[in-house]
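S.K.: Before I ask anything, let me first share the structure, which is written out below as structure tokens.
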Amino acid sequence: MARRSALKRLIGRSQLRRRVRELAAQIAHDYRGQQPVLVGTLKGSFVFLADLARLVDLPVEIDFIGAASYGQARETSGQVRVYHEPRCELQGRHVILVEDIVDTGLTLEEVRRFLEARGPASLRVCALLMKERAREAGITVDYLGFVVPNDFLVGYGLDCAERYRNLPDVYVLDGEG
Ligand code: PRP
């Protein structure tokens, strides 16, 4: 019999706020005097990007790249599709790729390759969450919010078949969705 899905809070909004503020301060320090472009990966990063951009004390520009691999499923399809390209000129710019979560690392790898091909002056990655398995696989990013367990997470931009993105906290989703 199918179980009802249950949400268990993993990271609360005040903890998120504190950590995003720290990441923003670190970025503002590292890019002082520069005007980096924050490129958020759609759709999951939209909440993190909105909070980060408002806390970073720099004249940043904002753009998005649309990449998806999960579709309606909880397992990655293994194929990352870029369906929306950034509109800013990225050549010669300092680009910070903003990701909500690194799980298998496939999206990050594909998006990084895509952005590198635009010839930025520099490219760094800021991810709010990284699964333990990604860290164990040796995947690294320049700015990281939290290492999280290998569970299916929702909220703060993360979805399950498009649900839960607007929850203000990060939850573990158990059971059937
Ligand atoms: C999710 C998430 C990350 C990516 C991470 O995106 O937002 O971008 O998966 O997983 P990976 O490290 O295994 O590649 P998804 O493909 O679900 O699209 P969405 O952001 O539009 O939900």
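S.K.: With the contact rule set at Cα under 8 Å and sequence spacing of 6 or more, what percent relative contact order holds for the chain?
M.R.: 27 percent
S.K.: May I pose another question? For the range 74-177, which GluC sites (Glu not before Pro) are both in a DSSP coil and crowded by at most 13 other Cβ atoms within 10 Å?
M.R.: GLU75, GLU89, GLU162, GLU176
S.K.: What value in Å³ per residue do you get for the convex hull of the alpha-carbon atoms in the chain?
M.R.: It comes to 109 Å³ per residue, whole-number rounded.
S.K.: Just going by the charge dipole of the chain, with Lys and Arg at +1 and Asp and Glu at -1 on Cβ, which of PHE64, LEU10, GLY119 is farthest out on the positive end?
M.R.: Selected residue: LEU10.
S.K.: For ARG32 and LEU106 in the same chain, what is the full-extension length gain: residue separation times 0.36 nm, less their Cα-Cα distance, in nm?
M.R.: Length gained, ARG32 through LEU106: 23.6 nm.
S.K.: Note down the nm distance, to one decimal, between modelled labels 7 Å out along Cα→Cβ at ASP151 and at ASP174.
M.R.: For the pair ASP151/ASP174, the computed spacing is 0.7 nm.
S.K.: Let me ask something else. For ASP142 and VAL82, FRET efficiency with R0 = 35 Å and r from the beta-carbon atoms, rounded to 0.05?
M.R.: For VAL82 and ASP142, the calculated efficiency is 0.95.
S.K.: Based on the Cβ-Cβ distance from LEU55 to GLU132, what FRET efficiency comes out when R0 is 35 Å, to the nearest 0.05?
M.R.: 0.85
S.K.: With each label point set 7 Å from Cα along the Cα-Cβ vector, what nm distance links SER122 and SER5?
M.R.: 3.9 nm
S.K.: Now, a different point. Just for the chain, what percent of DSSP beta bridges are antiparallel, to the closest 5?
M.R.: 35 percent
Read-outs: derived from the displayed coordinates by stated rules, not from any lab. Quick caveat, the model's predicted, so the values are computed rather than measured. For neighbour counting, all protein chains shown are included, and Cβ atoms are generated from backbone atoms with ideal geometry for every residue, glycine included.
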